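Working notes, beginning with the structure itself.
The values are calculated or read from the model by the stated rules, or taken from the named source; none is laboratory data. Not measured: the values here are computed from a predicted model. Neighbour counts run over all protein chains shown; Cβ positions are idealised from the backbone, glycine included.
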Amino acid sequence: MRADRPGEDEAAQEIERLRERIAYHDYRYYVLDDPEIPDAEYDRLMRRLQQLEAWYPQLVTPDSPTQRIGGEPLEGFETVRHVVPMLSLNNAFSEQEVCEFDRRIRETLGEDIVEYVAEPKLDGLAISLLYQDGRLLRAATRGDGHRGEDVTLNVRTIPSVPLRLRGGDYPERLEARGEIYMPKAGFEALNRRQRERGEKTFANPRNAAAGSLRQLDPRVTAERPLAFYAYAVGEVSAELAHTHAGQLAQLKAWGLPVSSLIEICRGWQACLDYYHRMQARRPELAFEIDGVVYKVNSIAQQRKLGFVARAPRWAIAHKFPAEEELTRVLAIDVQVGRTGAVTPVARLEPVFVGGVTVTNATLHNQDEIERKDVRVGDTVVVRRAGDVIPEVVRVVLSRRPADARPFIMPSQCPVCGSAIVRAEGEAVARCSGGLYCPAQRKAAIRHFASRRAMDIEGLGEKLIDQLIDSGLVQTVADLYRLEAADLSKLERMGEKSAAKLVAAIERSKHTTLARFLYALGIREVGEATAANLARHFGDLEPLMAASEEQLQQVEEVGEVVARHIRTFFEQAHNREVIEQLRAHGVHWDPVEQPAAQGPLAGKIVVLTGSLTSMSRSEAKMRLQALGAKVSSSVSKNTDYVVAGDKPGSKLAKAEQLGVEVVDEARLLDWLGEN
Ligand code: IVH
């Protein structure tokens, strides 16, 4: 995007192009409910247009997208007029912009410090709820801000929208405004259902909420998990509280849901502090937020500040860094994993998304690439939410260059040259080189040394590459033959770090059977299965001798996993490596057998939130040692939910189902630590 100031003729041309593009994306977003580009890119187009029009006001026309809000109402719903226009918010994308917003306000008001109300910016769609004599008379979408669509029948189906107000002191006529949204869990469930029924899935909860509200058949809307939060007052027949916070409290008292995350912040620094706290909590919230909103608390001050064009001067939306961005696919490479799985990876033009610079995104497998039709040269939407690995969401087909090339899975491993094969019925293609393939060996060692496996501190990716490439290490057993003198010959490895690494390798010899099994990297044997195997068999020998049928007696071990375990132990070279590891002194303490009796025997326990005294995985293993079954989701069969700090949606689910919730102190009691 150009940031420079062109001459008037050139500006006129650029303005025309921008208006056409914005009109196209408006159509996708408002009419089709199927946006093609992320909001961040749309915002940039709009900002550039606003900038050009600010430089050349003579080029502003009444039909410019900067001069209106939203799109035309859709056919099928009645049009309603908003007595008080439904405005939009200006956006701030940086702390500096928030600081400037506050400075302008302080200057206008002549105040040293201003009190704000900070709220989450819910990512749904704006709604107006008109109550006459305490009854819901009409619900309308924002539309173009002056006229919206009557969606009363649909909104009536939303459980969190009261049909009657509580108490008796509400005004005769009261218009509450707020956001209709779809909680994350409901969104996931809806998409799962849509997929099962072979129907179209939604790109995000906002689209799902919009699509659900615009259903002409309210019975369809009723099946959709929509929710509502109030955040403002529109038309009202009586005087309300003199502060925004006071008005929200009134709305709440009258039975309208108001977010519990709303806080009063004195001054802009308190606002920024709120922003950071909300950003940290974002992944655990039950609904999507795309930023926070600061509003001047005093209504008298709001009146003094007034409006510019389509937005109030007294409020601003402080947006989080976008979780979706546009970039270009420079190449598609393949990566070979520990089990030989060949994963295509998109090499991307670096892009700042979700707070980090992303240069690679996984494309999962051939089917996935074909489904999304990702080609080298394509412009794609990449998404990185929280700590989740970045992924390519979709291609922007309108930006596909004529020479974009489809990806073809190579027939040979790019690392060892062995054939790449895809077993029938499997989504994943694999390098057939096994331990001959250096990529597989490197990945196997990385896994073996990882924190939750043998936990060899300091044995990182670069060092493993050097060890394999130099031939010092072939299998994981070779690690235990390394001496400081060998290591210090490697590049960037001093004597001190060599000695440290040898000590870390030495320490790793004392481990648990569960960790050891997990470290072996048997296909489909993750931490939980490894722990189950260790508990069931007690030691390695009986496990190695077990038949597939015997293996299937173990919790969570089915036919496929049992076969993988058998196959692994049948390989002579695997048995040899295990023997060598034990000869080098790798050992574990005897596994404690589960207490057959006891308060937790046979109970189903779910852990949520973080614990202060131990990790969740440790708690899980210790609970299992007491005979409990630890499950990852809450159902009516759950006996207890242990809620740590910042519990997620599982806590809400437990409360909803009436499952007993206990705290960390009770957990420690069970574990005999109190
Ligand atoms: S106040 C005059 N508060 O953001 C101010 N809006 O970009 C009117 N939104 O259309 C809006 N959370 O759909 C306000 N706490 C909040 C909000 C919020 C989400 C949405 C709303 C509005 C859009 C403006």
So, in region 437-484, of the ones that are part of a helix (DSSP H, G or I) and basic (Lys, Arg), which residue ends up surrounded by the fewest Cβ atoms within 10 Å (Cβ to Cβ)? Lys462
Which one is farthest from Ala238 (Cα to Cα), of the residues in region 160-184 that are at pLDDT 95 or above and of a type in the set (A, V, I, L, M, F, W, C)? Met182
One residue is enough: does region 149-159 have a residue meeting the conditions within 16 Å of the ligand (Cβ to nearest atom) and either under 26 Å from Glu41 (Cα atoms) or free of Cβ contacts under 8 Å to residues at least 40 places away in the same chain (or both)? no
Run Leu305 past the list (1) at pLDDT 95 or above; (2) more than 16 Å from the ligand (Cβ to nearest atom) and report the number of the one that doesn't hold. (2)
Being closer than 22 Å to Lys442 by Cα and either of a type in the set (Val, Ile, Thr) or loosely packed, with under 12 Cβ neighbours inside 10 Å (or both) is the filter here, so list the residues in region 396-416 that pass it. Ser411, Val415
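Evaluate the following for Ala317: is it of a type in the set (A, V, I, L, M), in a strand (DSSP E or B) and within 12 Å of the ligand (Cβ to nearest atom)? Show your work before the answer.
Values: of a type in the set (A, V, I, L, M): yes; in a strand (DSSP E or B): yes; within 12 Å of the ligand (Cβ to nearest atom): yes.
So Ala317 fits the description; yes.
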(1) over 30 Å from Ala189 (Cα atoms); (2) surrounded by fewer than 19 Cβ atoms within 10 Å (Cβ to Cβ); (3) among the aliphatic types (A, V, I, L, M): which one isn't true of Val345, the others all being true? (1)
I need every pair where a residue in region 307-318 that is touching a residue at least 40 places away in the same chain (Cβ under 8 Å) has its Cβ under 8 Å from the Cβ of a residue that is more than 10 Å from the ligand (Cβ to nearest atom) and assigned to a strand (DSSP E or B), sequence separation at least 6 or different chains. Trp314/Val296; Ala315/Val296; Ile316/Ala92; Ala317/Ala92; His318/Ala92
Any hit, region 575-589, residues being surrounded by 14 or more Cβ atoms within 10 Å (Cβ to Cβ) and touching a His at 6+ places or on another chain (Cβ under 9 Å): yes
Can you pull out the residues in region 372-395 that are surrounded by fewer than 20 Cβ atoms within 10 Å (Cβ to Cβ) and modelled with pLDDT of 90 or more? Lys372, Asp373, Arg375, Val376, Gly377, Thr379, Glu391, Val393, Arg394, Val395
Taking the criterion of being crowded, with 19+ Cβ neighbours inside 10 Å and part of a helix (DSSP H, G or I), would at least one residue in region 227-242 satisfy it? no
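Report the residue count in region 71-115 for those that are within 16 Å of the ligand (Cβ to nearest atom), among the β-branched types (Val, Ile, Thr) and over 30 Å from the mean Cα position of the chain (by Cα). Walk me through how you get there before you give the answer.
First pass over region 71-115, keeping only residues within 16 Å of the ligand (Cβ to nearest atom): 71, 73, 82-93, 97-98, 101, 105.
Pick out the ones that are also among the β-branched types (Val, Ile, Thr) and you get 83-84, 98, 105.
Add one more test, that the residue is over 30 Å from the mean Cα position of the chain (by Cα), and what stays is 83-84, 105.
The qualifying residues number 3.
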Quick one: Gln624 ticks every box in (1) closer than 25 Å to Lys184 by Cα; (2) surrounded by 13 or more Cβ atoms within 10 Å (Cβ to Cβ) except a single one, so which number is it? (1)
Residue that is under 24 Å from Gln215 (Cβ atoms) and among the small types (Gly, Ala, Ser), where the choices are Ala140, Ala92: Ala140
Going residue by residue through region 278-295, is there one that turns out to be within 14 Å of the ligand (Cβ to nearest atom), exposed (fewer than 15 other Cβ atoms within 10 Å of the Cβ) and at pLDDT below 95? no
Do you know which of the residues in region 116-133 that are closer than 26 Å to Ala270 by Cα and in a strand (DSSP E or B) is farthest from the ligand (Cβ to nearest atom)? Tyr116
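Taking region 550-562 on its own, how many of its residues are assigned to a helix (DSSP H, G or I) and either closer than 10 Å to Glu524 by Cα or touching a residue at least 60 places away in the same chain (Cβ under 8 Å) (or both)?
Here is the first cut: in region 550-562, the residues assigned to a helix (DSSP H, G or I) are 550-551, 559-562.
From what's left, either closer than 10 Å to Glu524 by Cα or touching a residue at least 60 places away in the same chain (Cβ under 8 Å) (or both): 560-562.
Result for region 550-562: 3.
Take the residues in region 331-346 that are part of a loop (DSSP other than H, G, I, E, B) and touching a strand residue (DSSP E or B) at 6+ places or on another chain (Cβ under 8 Å); name whichever of them is farthest from Phe448 (Cα to Cα).
Going through region 331-346, the residues part of a loop (DSSP other than H, G, I, E, B) turn out to be 337-340.
Cutting the leftovers down to touching a strand residue (DSSP E or B) at 6+ places or on another chain (Cβ under 8 Å) gives us 337, 339-340.
Numbers: Gly337: 13, Thr339: 13, Gly340: 15 Å.
Among them, the one singled out is Gly340.
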Residue that is modelled with the lowest pLDDT, among those in region 25-55 that are under 13 Å from Ala203 (Cα atoms) and touching a His at 6+ places or on another chain (Cβ under 9 Å): Pro35
